[in-house]
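See structure below.
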Amino acid sequence: MASPATPATAPQPREKVLSLRGLELAFGDNRVLRGFDLDLYRGENVMVLGKSGSGKSVLIKCIVRLLMPTGGSIEVLGQDVLALGQEELDHLRVKVGFLFQSSALYDSMTVEENLRFPLRRHWLATSAGEADGLVEEMLGAVGLAHTRKLYPSELSGGMKRRIALARTLILKPEIVLYDEPTTGLDPITGKEIVELILKLQRTYGTSSIIISHDLHVARLAANRIALLHEGRKYAEGTYDEFRASQDPLIQKFFIFM
Amino acid sequence: MKGSSPRPFQVFLTEAGGFSLFVSRFFGNAFHRRFEWREFIRQSVQNGNGSLPLVAVTAFIMGLVLTVQSRPTLARFGAESMLPAMVAISMVREIVPVITALICAGKIASGMSAELGSMKVTEQIDAMEVSGTNPFRYLAVTRIWSTTLMVPLLVILADGIAIWASWVGMNMKEPVSWQLFQRQVFDSLALGDVLPALIKSIFFGFVVGAMGCFKGFTTAKGTEGVGRSAHNAVVYSSLLIFIIDLLAVQITDLMGLN
Ligand SMILES: Nc1ncnc2c1ncn2[C@@H]1O[C@H](COP(=O)(O)OP(=O)(O)OP(=O)(O)O)[C@@H](O)[C@H]1O
Ligand SMILES: [Mg+2]
C-alpha cells in the first residue's frame with residue numbers, strides 16, 4: 001500500500017528538546033505518576049499510550065506547569081520548567097503548544113477571536129494584517145475557513161477539535177503536546193489530522209508528544225511509542241517493535257486498536 | 001452525600017482565608033503595566049448596561065414609595081416641608097447605595113462566577129494560561145476594576161432617579177415646582193452625606209467583582225459546582241455589603257459626619 005504519509009526520520013545529531021526524570025504526582029492518596037521518564041528529541045513524534053485514567057493528561061499538564069508535580073524534574077528547551085519565574089514560564093509556554101482533550105475553546109469568542117487570542121501577546125510584533133493572514137492560513141489548514149464568524153457552540157465536536165488544533169498551532173510552537181487529537185472524530189477527519197501533524201513536523205521540525213489510542217497515529221505519526229502504566233513508563237519502542245512484542249499488556253493495547 | 005460535611009466554622013475560615021489571598025493577589029496584579037484595557041472596557045459596558053434597567057426601576061420605585069409613605073408621619077409632626085430633605089438624605093446616604101449594590105451582587109457577581117466557573121471546568125482558563133496570557137490579570141483584574149468603577153457610577157445615576165421619583169411622589173398629592181423641590185434637596189444635602197456614600201459604593205463595587213471572580217476561579221469540577229459558586233457569590237457578597245455598610249456608619253460616626 002502506498003502510504004502518503006510516513007513519519008519523517010529524526011535528524012541525526014539528536015538534540016534533546018524535552019526530558020522528564022522521575023516525574024511524580026499525587027492527588028491525595030491517588031499516586032498518579034510514580035517516577036515517569038521520557039525524552040523527546042527535535043523533530044520527533046512520541047506517542048504516549050495508556051489506559052483511561054492512567055495519568056496521560058496529567059503528565060502533559062505537568063510539562064506546561066498547569067499541574068505542579070510532587071517530585072522529579074522537567075527540562076524543556078534547556079530550561080528547568082519547575083524553577084522558572086512567571087515571566088519566563090509564559091515565554092516558554094508560547095513555544096510549547098497544548099491541545100486540550102476537551103478542546104477548551106473560549107465560548108464567548110468567535111472562531112476567529114479564538115485564533116487571535118494566542119497572538120495577543122505578540123500584538124506589537126505581529127501587525128493586524130499578519131495576524132489576519134495567520135488566522136486564514138490556519139483555518140485553511142484545518143479546512144474550516146467558512147467558520148470564521150461562528151461561535152464554538154455552533155460547531156460540532158470534531159470541528160471544535162480542529163479549531164482547537166489551529167489555535168494551538170498558530171504560534172508555530174517548537175514542541176506540541178497533543179491530548180487525543182483524533183479521538184471522537186470520524187476516520188477520515190482523524191486521518192486528515194494525522195497528516196496535518198506530519199506536515200507540521202516536516203515543515204517546521206516540530207517535536208510532539210501525542211496522547212492517543214488511535215492506530216493511525218501509532219502507525220503513521222509516531223516515531224516512538226511509550227506505554228504509561230501504573231505511573232511509570234512500562235515500555236518504549238517503535239510501532240513495529242510494539243506490534244511484534246509478546247508482552248501481554250502491550251498485546252492487549254494492539255488488539256483493541 | 002457521603003462523608004461528614006465540614007463544620008460551618010471551618011467553612012467560614014477556609015472561605016475567608018481563600019478570599020483574603022485572592023484579594024491580596026488582586027492587589028499584586030492590579031497595577032501591572034500590561035493592563036487589559038479592551039477587556040476592562042468590554043466588562044464595564046456589559047456590567048453597566050446589564051444592571052442599569054433594574055437599578056433604575058428600583059431607584060424610581062424606592063424614591064416614590066418612600067416619599068408617599070413618609071408624608072403622613074411628617075404631616076403628623078407638622079414637618080411636611082422636611083419631606084424632600086428627609087427622602088433625599090435617606091436615599092443618598094443609605095438606601096440607594098445598598099440597594100444598588102445588592103442588585104449588582106445578584107446580577108453581576110452571580111453572572112461572573114457562573115461565567116468564570118464554567119470557563120474553569122471546561123479548561124478555558126487553563127487554555128489561556130498555556131497560551132502565555134495570565135488569566136488572573138486578563139479575567140479577574142479587569143472584572144474587579146470594572147465593578148469598582150461601575151457600581152459607584154450606577155449609584156450616582158440611581159441617586160438622580162430616586163430624587164426625581166421623590167418629586168413625582170410629591171406631585172401626587174399637590175403640585176410642587178421642580179425648581180423649588182430641587183433647591184430644597186440640594187440645600188439639605190451636604191458633602192458629608194454624599195462623599196461617604198460614594199466611598200462606600202466603591203467598596204461595594206469592589207466586593208461584588210472580587211467575590212464573583214473568587215467564586216468563579218475556585219469553582220469545583222462539574223456543572224453542579226458552577227451553580228453552587230454562583231449562589232455562594234451572591235450570598236457572600238451581599239453579606240459583605242452589609243458588613244461594609246455597618247463599618248462605614250461607624251467610621252462616619254467617629255469622624256463626626258453623621
Ligand atoms: N485535578 C484533579 N484532581 C484530582 N484528581 C485528578 C485531577 N486530574 C486528574 N485526576 C486523577 O488523575 C488520574 C489520571 O487522570 P488523567 O486525566 O490524566 O487520565 P488519562 O490517562 O488522561 O485518561 P483518559 O484517557 O480517560 O483521558 C485519574 O485517576 C484522575 O481521577
Ligand atoms: Mg486524558
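The values are calculated or read from the model by the stated rules, or taken from the named source; none is laboratory data. A quick note: this is a predicted structure, and the numbers were derived from the prediction, not measured. Glycine also receives a Cβ, built like all others from the backbone with ideal geometry; neighbour counts cover every protein chain displayed. Ligands, DNA and RNA are excluded from the accessible area calculation, which covers all protein heavy atoms including side chains. Shrake-Rupley method; radii C 1.70, N 1.55, O 1.52, S 1.80 Å.
How much length is gained on full extension from B:Val45 to B:Thr73, taking 0.36 nm per residue of separation minus their Cα-Cα distance?
5.9 nm
To the nearest 100 Å², how much accessible surface do chains A and B hide from each other in total, with a 1.4 Å probe?
Interface between A and B: roughly 1700 Å².
Can you give me the angle between helix A:86-95 and the longest principal axis of chain A, using Cα atoms only, in degrees from 0 to 90, rounded to the nearest 10?
90
Using a 1.4 angstrom probe on the protein heavy atoms only, line up A:Asp132, B:Asp126 by accessible area, largest first.
So, going from the largest accessible area down, we get A:Asp132, B:Asp126.
Which GluC sites (Glu not before Pro) does the range A:152-248 hold that lie in a coil by DSSP with at most 13 other beta carbons within 10 Å?
For GluC sites (Glu not before Pro) across the range A:152-248 that sit outside H, G, I, E and B with at most 13 neighbouring Cβ atoms in 10 Å, the list reads A:Glu230.
Taking amide H positions as placed in the peptide plane 1.01 Å from N, state which residues far from A:Leu25 in sequence (5 or more) or on other chains have amide H under 5 Å from it.
A:Val32, A:Leu33, A:Arg34, A:Gly35, A:Thr70
Between A:Arg120 and A:Ser19, what length in nm is gained on full extension when 0.36 nm per residue of separation is reduced by their alpha carbon distance?
Once the chain is fully extended between A:Arg120 and A:Ser19, it gains 33.4 nm.
What order do B:Met82, A:Met159 take when sorted by accessible area (1.4 Å probe), most exposed first?
Highest to lowest solvent-accessible surface, that is B:Met82, A:Met159.
How far is helix B:110-121 tilted, in degrees, relative to the longest principal axis of the Cα atoms in chain B, given as a value from 0 to 90 rounded to the nearest 10?
Between helix and principal axis, roughly 0 degrees.
So if a site counts as exposed when it's one of the chymotrypsin sites (Phe, Trp or Tyr not before Pro), its DSSP state isn't H, G, I, E or B, and it has at most 13 other Cβ atoms within 10 Å, what's the longest stretch of chain B without one?
Result, exposed sites excluded: B:78-258.
Over chain B, what is the relative contact order in percent, taking alpha-carbon pairs closer than 8 angstrom and at least six residues apart?
In percent, rounded to a whole number, it is 32.
Can you pull out the trypsin sites (Lys or Arg not before Pro) in the range A:74-173 whose DSSP state is coil and whose Cβ has at most 16 other Cβ atoms within 10 Å?
A:Arg148, A:Lys149
What Kirkwood hydrodynamic radius do you get for the range B:129-177 when you take the inverse of the mean 1/r over all pairs of distinct Cα atoms, in Å?
It is 14.0 Å.
Using the Kirkwood radius built from alpha carbon pairs, what does the Stokes-Einstein equation give as D for chain A at 25 °C and 0.890 mPa s, in µm² per second?
The calculation lands on 130 µm²/s.
Just want to confirm a number: the relative contact order over chain A, from Cα pairs under 8 angstrom separated by 6+ residues, in percent.
Computed value for chain A: 27 percent relative contact order.
Within 10 Å of each Cβ in B:117-129, how many Cβ atoms from other chains are there, averaged over the peptide?
Across B:117-129, the average partner-chain Cβ count within 10 Å equals 6.
Which parts of the range A:91-116, residue by residue, lose 50 Å² or more of accessible area when the rest of the protein chains are there, as against the chain isolated (1.4 Å probe)?
A:Arg93, A:Phe100, A:Tyr106
Taking the alpha-carbon distance from B:Lys107 and a cut-off under 30 Å, which lysines remain once sequence neighbours fewer than 8 residues away in the same chain are dropped?
A:Lys149, B:Lys120, B:Lys200, B:Lys215, B:Lys221
Quick check on chain B: helices-only [θ] at 222 nm, where DSSP H runs of length 4 and up contribute -39,500 (n - 2.57) each and the sum goes over total residues. Nearest 500, please.
-26500 deg cm²/dmol
Given a Förster distance of 30 Å, report the FRET efficiency between A:Glu113 and B:Arg33 from their Cβ-Cβ distance, rounded to the nearest 0.05.
0.80
May I ask for the Rg/Rh ratio of the range B:41-254, computed from Cα atoms with Rh as the Kirkwood radius, given to two decimals?
Value, to two decimals: 1.09.
For A:Lys16, give me every one of the lysines with a C-alpha distance below 25 angstrom, ignoring sequence neighbours fewer than eight places off in its own chain.
A:Lys56, A:Lys61, A:Lys95, A:Lys172, A:Lys199, A:Lys233
Share of the protein assembly as shown's accessible area from carbon and sulfur, percent, 1.4 Å?
Summing carbon and sulfur atoms, their accessible area is 61 percent of the total for the protein assembly as shown.
Given a Förster radius of 56 Å and the C-beta distance between A:Ala145 and A:Asp240 as r, what FRET efficiency does 1/(1 + (r/R0)^6) yield to the nearest 0.05?
0.90
Could you do me a favour and compute the accessible area per residue for chain A, 1.4 Å probe, result in Å²?
Heavy-atom SASA per residue in chain A reads 44 Å².
I'd like the FRET efficiency for A:Ser52 and A:Ile188, computed as 1/(1 + (r/R0)^6) with the beta carbon distance as r and R0 of 22 Å, rounded to 0.05.
0.35
In degrees, nearest 10, range 0 to 90: what is the angle between the Cα axis of helix B:37-76 and the longest Cα principal axis of chain B?
Taking the Cα atoms of chain B, the angle to B:37-76 is about 30 degrees.
Amide H of A:Leu49: which non-local residues (sequence gap of 5 or more, or other chain) have their own amide H closer than 5 Å, using H built in the peptide plane?
Correct list: A:Ala226, A:Leu227, A:Leu228.
Averaged per residue, what accessible surface does the range B:41-254 expose to a 1.4 Å probe, in Å²?
On a per-residue basis, the range B:41-254 sits at 43 Å².
Filter the chymotrypsin sites (Phe, Trp or Tyr not before Pro) in the range A:59-144 down to the DSSP loop ones having no more than 13 other Cβ atoms within 10 Å, then list what survives.
Those satisfying the criteria are A:Trp123.
Can I get the semi-axes of the protein assembly as shown's equivalent ellipsoid? Compute them from the C-alpha gyration tensor as square roots of 5 times the eigenvalues, in angstrom, largest first.
Ellipsoid half-lengths, sorted descending, are 59, 24, 19 Å.
Enumerate the calculated ³J(HN,Hα) couplings along the range B:28-33 in order (Karplus 6.51 cos²θ - 1.76 cosθ + 1.60, θ = phi - 60°), each rounded to whole Hz, writing x wherever the residue is Gly or Pro.
Going residue by residue, I get x, 10, 5, 10, 5, 5 Hz, with x marking Gly and Pro.
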